[in-house]
1. Tell me, yes or no, whether segment 258-281 has at least one residue that is under 26 Å from S177 (Cβ atoms) and in contact with a Pro (Cβ under 9 Å, 6 or more places away or on another chain).
2. Could you go through segment 79-86 and let me know if any residue there is open to solvent by 60 Å² or more (accessible area, probe 1.4 Å) and closer than 23 Å to D187 by Cβ.
3. Taking A64 as the residue in question, decide whether it is in a loop (DSSP other than H, G, I, E, B) and more than 20 Å from M252 (Cβ to Cβ).
4. Select, from D40, D28, the only residue that is open to solvent by 10 Å² or more (accessible area, probe 1.4 Å) and either under 18 Å from D113 (Cα atoms) or within 15 Å of the ligand (Cβ to nearest atom) (or both).
5. Quick check on segment 261-285: of everything there that is more than 30 Å from D194 (Cβ to Cβ) and in a loop (DSSP other than H, G, I, E, B), which residue is most open to solvent (accessible area, probe 1.4 Å)?
6. Suppose we filter R123, R127 for residues that are under 19 Å from L96 (Cα atoms), more than 16 Å from the ligand (Cβ to nearest atom) and buried (at least 16 other Cβ atoms within 10 Å of the Cβ); which single one remains?
7. Do we have any residue at all in segment 156-165 that's polar (S, T, N, Q) and under 23 Å from S8 (Cα atoms)?
8. Restricting attention to segment 193-217, report how many residues are under 20 Å from the mean Cα position of the chain (by Cα), more than 10 Å from the ligand (Cβ to nearest atom) and free of Cβ contacts under 8 Å to residues at least 40 places away in the same chain.
Amino acid sequence: MSEASIWSLAQNGHREDPALSIMRTLWDQPRWLEAYHLYDDRGSELFEQICELPEYYLTRTENALLEKDAAKIIAAAPVQCIVELGAGSAKKTTHLLSEQARQRGSGIFAPIDVSLPGLLASREYVRAQLPAIEFHGLHARYEEGVCSIDRDLPTLFVFIGSTIGNFNPAAFVRFFSLLSQAMGPNDFLLLGADRVKDRRVLEAAYADSQGLTAEFILNVFKNINRLTGGKFDLSKMRYHSWYNPEWAQIEMYAVATAAHDISFPSFGRSFHWPKNARILVEISRKFDPIRLQEQLGFFDLRPVKHFTDAKEWFSLLLFQKAA
Ligand code: AVJ
(Lines give C-alpha, C1' and ligand atoms only; values in the text may rest on other atoms or scores of the structure.)
Protein backbone atom coordinates (compact mmCIF):
# COMPACT_ATOMS: atom_id res chain seq x y z
CA MET A 1 0.00 0.00 0.00
CA SER A 2 1.25 3.52 -0.75
CA GLU A 3 2.40 5.90 1.99
CA ALA A 4 -0.29 8.15 3.51
CA SER A 5 0.17 11.48 1.79
CA ILE A 6 -0.93 15.10 2.14
CA TRP A 7 -0.71 17.12 -1.08
CA SER A 8 -0.77 20.88 -1.00
CA LEU A 9 -2.53 22.80 -3.75
CA ALA A 10 -1.48 26.05 -2.12
CA GLN A 11 0.95 26.94 -4.95
CA ASN A 12 -1.64 26.63 -7.70
CA GLY A 13 -2.09 29.69 -9.90
CA HIS A 14 -5.85 29.78 -9.49
CA ARG A 15 -5.73 30.14 -5.73
CA GLU A 16 -7.14 33.55 -4.87
CA ASP A 17 -5.04 35.88 -2.75
CA PRO A 18 -6.72 35.86 0.71
CA ALA A 19 -5.68 39.47 1.45
CA LEU A 20 -7.37 40.62 -1.74
CA SER A 21 -10.52 38.59 -0.96
CA ILE A 22 -10.69 40.34 2.42
CA MET A 23 -10.21 43.84 1.00
CA ARG A 24 -12.82 43.27 -1.71
CA THR A 25 -15.58 42.18 0.65
CA LEU A 26 -14.63 44.74 3.34
CA TRP A 27 -15.12 47.46 0.74
CA ASP A 28 -18.48 46.00 -0.30
CA GLN A 29 -21.74 47.44 1.02
CA PRO A 30 -22.62 46.12 3.53
CA ARG A 31 -19.11 45.11 4.61
CA TRP A 32 -18.76 41.32 4.92
CA LEU A 33 -16.20 38.50 4.96
CA GLU A 34 -15.79 35.09 3.35
CA ALA A 35 -16.27 32.41 6.03
CA TYR A 36 -13.03 30.54 5.26
CA HIS A 37 -10.95 33.31 6.85
CA LEU A 38 -12.38 32.17 10.22
CA TYR A 39 -10.39 28.94 10.05
CA ASP A 40 -6.80 29.86 10.82
CA ASP A 41 -5.22 27.46 13.36
CA ARG A 42 -6.75 29.32 16.31
CA GLY A 43 -10.16 29.56 14.61
CA SER A 44 -10.19 25.85 13.82
CA GLU A 45 -9.32 25.10 17.45
CA LEU A 46 -12.13 27.39 18.70
CA PHE A 47 -14.59 25.79 16.31
CA GLU A 48 -13.69 22.35 17.68
CA GLN A 49 -14.55 23.71 21.15
CA ILE A 50 -17.86 25.16 19.90
CA CYS A 51 -18.81 21.66 18.74
CA GLU A 52 -18.65 20.51 22.38
CA LEU A 53 -20.95 23.29 23.71
CA PRO A 54 -24.29 22.18 25.18
CA GLU A 55 -26.13 24.81 23.08
CA TYR A 56 -24.45 23.75 19.83
CA TYR A 57 -26.61 20.75 18.92
CA LEU A 58 -25.42 20.46 15.30
CA THR A 59 -22.29 18.33 15.65
CA ARG A 60 -23.78 16.02 18.25
CA THR A 61 -26.99 15.46 16.27
CA GLU A 62 -25.20 14.87 12.98
CA ASN A 63 -22.66 12.57 14.60
CA ALA A 64 -25.43 10.44 16.11
CA LEU A 65 -27.09 10.25 12.69
CA LEU A 66 -23.86 9.16 11.03
CA GLU A 67 -23.21 6.59 13.70
CA LYS A 68 -26.73 5.17 13.37
CA ASP A 69 -26.98 5.21 9.57
CA ALA A 70 -23.39 4.78 8.28
CA ALA A 71 -24.06 1.16 7.28
CA LYS A 72 -27.09 2.18 5.18
CA ILE A 73 -25.25 5.12 3.62
CA ILE A 74 -22.25 3.03 2.57
CA ALA A 75 -24.48 0.20 1.33
CA ALA A 76 -26.41 2.68 -0.84
CA ALA A 77 -23.20 4.24 -2.25
CA PRO A 78 -20.98 1.54 -3.80
CA VAL A 79 -17.73 3.53 -4.05
CA GLN A 80 -13.98 3.07 -3.68
CA CYS A 81 -13.14 6.60 -2.63
CA ILE A 82 -14.54 8.97 0.00
CA VAL A 83 -13.70 12.64 -0.50
CA GLU A 84 -14.54 14.98 2.36
CA LEU A 85 -14.82 18.72 1.75
CA GLY A 86 -13.68 20.92 4.66
CA ALA A 87 -12.91 17.83 6.68
CA GLY A 88 -11.28 19.32 9.78
CA SER A 89 -10.21 16.41 11.95
CA ALA A 90 -12.86 14.23 10.19
CA LYS A 91 -14.07 12.66 13.46
CA LYS A 92 -17.66 12.18 12.25
CA THR A 93 -16.49 10.67 8.96
CA THR A 94 -14.80 7.77 10.73
CA HIS A 95 -18.24 6.10 10.96
CA LEU A 96 -18.37 6.03 7.16
CA LEU A 97 -14.74 4.92 6.83
CA SER A 98 -15.10 1.98 9.20
CA GLU A 99 -18.26 0.90 7.35
CA GLN A 100 -16.39 1.16 4.05
CA ALA A 101 -13.63 -1.07 5.50
CA ARG A 102 -16.19 -3.48 6.94
CA GLN A 103 -18.39 -3.78 3.83
CA ARG A 104 -15.74 -3.59 1.09
CA GLY A 105 -12.43 -4.41 2.80
CA SER A 106 -10.67 -1.39 1.28
CA GLY A 107 -11.08 2.24 0.30
CA ILE A 108 -9.39 5.60 -0.18
CA PHE A 109 -10.02 8.59 2.06
CA ALA A 110 -9.20 11.97 0.52
CA PRO A 111 -10.04 14.78 2.95
CA ILE A 112 -9.72 18.36 1.71
CA ASP A 113 -9.10 21.18 4.18
CA VAL A 114 -7.47 24.62 4.41
CA SER A 115 -6.23 23.80 7.91
CA LEU A 116 -3.21 21.49 8.18
CA PRO A 117 -3.54 20.42 11.86
CA GLY A 118 -6.94 18.84 11.11
CA LEU A 119 -5.50 16.87 8.18
CA LEU A 120 -2.58 15.66 10.31
CA ALA A 121 -4.96 14.53 13.06
CA SER A 122 -7.21 12.61 10.67
CA ARG A 123 -4.15 11.00 9.04
CA GLU A 124 -2.99 9.78 12.45
CA TYR A 125 -6.42 8.36 13.20
CA VAL A 126 -6.73 6.54 9.88
CA ARG A 127 -3.19 5.16 10.14
CA ALA A 128 -3.77 3.84 13.65
CA GLN A 129 -7.41 2.68 13.48
CA LEU A 130 -8.29 2.00 9.84
CA PRO A 131 -5.40 0.14 8.16
CA ALA A 132 -7.71 -0.90 5.27
CA ILE A 133 -8.16 2.76 4.27
CA GLU A 134 -5.58 4.56 2.11
CA PHE A 135 -5.15 8.21 3.09
CA HIS A 136 -4.56 11.02 0.56
CA GLY A 137 -5.13 14.45 2.15
CA LEU A 138 -5.42 17.64 0.12
CA HIS A 139 -4.36 20.88 1.79
CA ALA A 140 -6.56 23.25 -0.19
CA ARG A 141 -9.86 25.10 -0.33
CA TYR A 142 -12.52 22.60 -1.33
CA GLU A 143 -13.40 24.58 -4.44
CA GLU A 144 -9.84 23.82 -5.61
CA GLY A 145 -9.62 20.34 -4.13
CA VAL A 146 -12.70 18.83 -5.83
CA CYS A 147 -11.26 19.63 -9.26
CA SER A 148 -8.23 17.45 -8.44
CA ILE A 149 -10.25 14.26 -7.88
CA ASP A 150 -10.07 11.47 -10.50
CA ARG A 151 -13.49 11.46 -12.25
CA ASP A 152 -13.19 7.76 -13.15
CA LEU A 153 -12.91 6.59 -9.55
CA PRO A 154 -16.32 5.78 -8.00
CA THR A 155 -16.50 8.40 -5.29
CA LEU A 156 -18.68 9.50 -2.43
CA PHE A 157 -18.31 13.23 -1.83
CA VAL A 158 -19.02 14.10 1.79
CA PHE A 159 -19.99 17.66 2.65
CA ILE A 160 -21.31 17.55 6.19
CA GLY A 161 -21.47 19.78 9.27
CA SER A 162 -23.91 22.12 7.48
CA THR A 163 -20.94 23.99 6.04
CA ILE A 164 -23.32 24.61 3.15
CA GLY A 165 -25.03 27.07 5.52
CA ASN A 166 -22.10 29.46 5.16
CA PHE A 167 -22.79 30.02 1.47
CA ASN A 168 -24.77 33.04 0.36
CA PRO A 169 -27.17 32.35 -2.54
CA ALA A 170 -24.61 33.23 -5.23
CA ALA A 171 -21.88 31.10 -3.64
CA PHE A 172 -24.36 28.23 -3.20
CA VAL A 173 -25.12 28.10 -6.93
CA ARG A 174 -21.45 28.46 -7.86
CA PHE A 175 -20.46 25.69 -5.45
CA PHE A 176 -22.98 23.10 -6.62
CA SER A 177 -22.26 23.86 -10.30
CA LEU A 178 -18.58 23.25 -9.68
CA LEU A 179 -19.10 20.17 -7.51
CA SER A 180 -21.57 18.60 -9.93
CA GLN A 181 -19.09 19.14 -12.79
CA ALA A 182 -16.29 17.56 -10.77
CA MET A 183 -18.43 14.48 -10.05
CA GLY A 184 -18.24 11.50 -12.38
CA PRO A 185 -21.39 9.72 -13.59
CA ASN A 186 -23.02 7.77 -10.72
CA ASP A 187 -20.82 9.41 -8.06
CA PHE A 188 -22.57 10.19 -4.77
CA LEU A 189 -22.88 13.22 -2.51
CA LEU A 190 -23.67 13.07 1.20
CA LEU A 191 -24.83 16.49 2.37
CA GLY A 192 -25.38 17.44 6.03
CA ALA A 193 -27.80 20.34 6.47
CA ASP A 194 -29.09 22.07 9.59
CA ARG A 195 -32.85 22.56 9.46
CA VAL A 196 -35.23 25.43 10.06
CA LYS A 197 -36.58 25.12 13.61
CA ASP A 198 -37.68 27.10 16.69
CA ARG A 199 -35.69 30.32 16.64
CA ARG A 200 -34.85 30.07 20.36
CA VAL A 201 -32.97 26.83 19.71
CA LEU A 202 -31.20 28.40 16.72
CA GLU A 203 -30.25 31.63 18.46
CA ALA A 204 -28.91 29.86 21.56
CA ALA A 205 -26.59 27.77 19.40
CA TYR A 206 -24.85 30.95 18.15
CA ALA A 207 -24.87 32.95 21.42
CA ASP A 208 -23.41 30.52 23.93
CA SER A 209 -23.07 31.46 27.58
CA GLN A 210 -19.30 30.78 27.62
CA GLY A 211 -18.69 33.37 24.87
CA LEU A 212 -16.82 30.88 22.67
CA THR A 213 -18.80 31.81 19.56
CA ALA A 214 -18.01 35.50 20.15
CA GLU A 215 -14.31 34.65 20.47
CA PHE A 216 -14.43 32.53 17.30
CA ILE A 217 -16.14 35.26 15.27
CA LEU A 218 -13.92 38.11 16.51
CA ASN A 219 -10.77 36.00 16.07
CA VAL A 220 -11.22 36.50 12.33
CA PHE A 221 -9.95 40.07 12.78
CA LYS A 222 -6.65 38.82 14.19
CA ASN A 223 -6.29 36.63 11.12
CA ILE A 224 -7.23 39.57 8.88
CA ASN A 225 -4.64 41.80 10.54
CA ARG A 226 -2.06 39.07 9.91
CA LEU A 227 -3.07 38.53 6.27
CA THR A 228 -3.58 42.16 5.23
CA GLY A 229 -1.48 44.18 7.69
CA GLY A 230 -4.76 45.81 8.77
CA LYS A 231 -5.21 47.50 12.15
CA PHE A 232 -8.45 46.07 13.56
CA ASP A 233 -8.67 46.60 17.34
CA LEU A 234 -10.60 43.81 19.06
CA SER A 235 -11.22 46.01 22.11
CA LYS A 236 -13.41 48.32 20.00
CA MET A 237 -15.87 45.73 18.77
CA ARG A 238 -18.41 43.29 20.11
CA TYR A 239 -20.18 40.20 18.77
CA HIS A 240 -23.86 40.25 17.83
CA SER A 241 -26.01 37.52 16.24
CA TRP A 242 -29.68 36.99 15.43
CA TYR A 243 -31.93 34.70 13.38
CA ASN A 244 -33.28 36.39 10.27
CA PRO A 245 -36.48 34.40 9.55
CA GLU A 246 -37.06 35.83 6.07
CA TRP A 247 -33.67 34.60 4.88
CA ALA A 248 -33.76 31.55 7.22
CA GLN A 249 -30.28 32.34 8.48
CA ILE A 250 -28.33 33.18 11.59
CA GLU A 251 -26.32 36.36 10.94
CA MET A 252 -23.12 36.90 12.91
CA TYR A 253 -21.73 40.41 13.14
CA ALA A 254 -18.89 42.44 14.60
CA VAL A 255 -20.30 45.75 15.87
CA ALA A 256 -18.14 48.83 16.57
CA THR A 257 -18.47 49.88 20.22
CA ALA A 258 -16.97 53.31 19.44
CA ALA A 259 -16.44 55.18 16.17
CA HIS A 260 -12.92 54.67 14.83
CA ASP A 261 -10.84 54.30 11.66
CA ILE A 262 -9.36 51.04 10.41
CA SER A 263 -6.21 51.41 8.34
CA PHE A 264 -4.47 49.06 5.94
CA PRO A 265 -1.00 50.63 5.48
CA SER A 266 0.19 48.08 2.89
CA PHE A 267 -2.84 48.89 0.70
CA GLY A 268 -2.68 52.64 1.39
CA ARG A 269 -6.35 52.48 2.43
CA SER A 270 -8.51 53.03 5.48
CA PHE A 271 -12.19 53.18 6.30
CA HIS A 272 -14.28 54.81 8.99
CA TRP A 273 -16.19 52.40 11.24
CA PRO A 274 -19.04 54.35 12.92
CA LYS A 275 -20.30 53.38 16.36
CA ASN A 276 -22.89 50.53 16.12
CA ALA A 277 -22.09 49.89 12.42
CA ARG A 278 -21.75 46.20 11.64
CA ILE A 279 -19.52 43.93 9.59
CA LEU A 280 -21.19 40.67 8.56
CA VAL A 281 -18.63 38.00 9.47
CA GLU A 282 -20.64 34.82 8.88
CA ILE A 283 -24.08 33.56 7.93
CA SER A 284 -25.45 30.14 8.85
CA ARG A 285 -28.42 29.25 6.66
CA LYS A 286 -31.05 26.75 7.80
CA PHE A 287 -32.75 24.46 5.33
CA ASP A 288 -35.94 22.63 4.42
CA PRO A 289 -34.60 19.23 3.25
CA ILE A 290 -37.34 18.65 0.67
CA ARG A 291 -36.74 22.04 -0.90
CA LEU A 292 -33.00 21.32 -0.91
CA GLN A 293 -33.57 18.00 -2.72
CA GLU A 294 -35.72 19.76 -5.29
CA GLN A 295 -33.13 22.47 -5.82
CA LEU A 296 -30.17 20.10 -6.22
CA GLY A 297 -32.14 18.34 -8.97
CA PHE A 298 -31.29 21.35 -11.12
CA PHE A 299 -27.59 20.48 -10.63
CA ASP A 300 -28.06 16.91 -11.95
CA LEU A 301 -28.14 15.50 -8.42
CA ARG A 302 -30.87 12.95 -7.80
CA PRO A 303 -32.06 12.30 -4.20
CA VAL A 304 -31.34 8.73 -3.03
CA LYS A 305 -31.94 8.75 0.73
CA HIS A 306 -32.85 11.09 3.56
CA PHE A 307 -31.85 10.52 7.18
CA THR A 308 -33.03 12.71 10.05
CA ASP A 309 -33.17 12.61 13.87
CA ALA A 310 -36.29 12.20 16.05
CA LYS A 311 -36.61 15.99 16.59
CA GLU A 312 -36.06 16.65 12.87
CA TRP A 313 -33.34 19.17 13.69
CA PHE A 314 -30.72 17.99 11.20
CA SER A 315 -30.76 16.14 7.86
CA LEU A 316 -28.28 13.93 6.05
CA LEU A 317 -29.16 13.80 2.36
CA LEU A 318 -27.67 11.29 -0.07
CA PHE A 319 -27.66 12.20 -3.78
CA GLN A 320 -26.44 10.47 -6.92
CA LYS A 321 -25.05 12.29 -9.93
CA ALA A 322 -27.07 11.70 -13.09
CA ALA A 323 -25.30 9.34 -15.49
C1 AVJ B 1 -19.20 25.19 10.42
C2 AVJ B 1 -20.59 26.63 9.18
C3 AVJ B 1 -21.51 24.71 10.21
O4 AVJ B 1 -22.74 27.66 10.86
O5 AVJ B 1 -22.98 26.35 12.57
C6 AVJ B 1 -20.60 27.81 14.44
C7 AVJ B 1 -19.93 27.66 11.94
N8 AVJ B 1 -20.14 29.65 13.43
N9 AVJ B 1 -20.74 28.83 15.32
C10 AVJ B 1 -22.29 26.88 11.70
C11 AVJ B 1 -20.23 28.35 13.24
C12 AVJ B 1 -20.45 29.94 14.70
C13 AVJ B 1 -20.81 26.51 11.64
N14 AVJ B 1 -20.52 25.79 10.37
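1. yes
2. Just the residues of segment 79-86 that are open to solvent by 60 Å² or more (accessible area, probe 1.4 Å), to begin with: 80.
From the residues that got through so far, the ones that are closer than 23 Å to D187 by Cβ too are 80.
Looking through segment 79-86, at least one residue is open to solvent by 60 Å² or more (accessible area, probe 1.4 Å) and closer than 23 Å to D187 by Cβ.
3. Working: in a loop (DSSP other than H, G, I, E, B): no; more than 20 Å from M252 (Cβ to Cβ): yes.
So A64 does not fit the description; no.
4. The match here is D40.
5. K275
6. Exactly one residue qualifies, and that residue is R123.
7. yes
8. So the answer is 0.
The values are calculated or read from the model by the stated rules, or taken from the named source; none is laboratory data. From a predicted model like this one, the values you see are computed outputs, not experimental measurements. So basically every Cβ, Gly included, is an ideal-geometry build from the backbone, and we count neighbours across all protein chains shown. Protein only, heavy atoms only, side chains kept; ligands, DNA and RNA dropped before computing areas. Shrake-Rupley method; radii C 1.70, N 1.55, O 1.52, S 1.80 Å.
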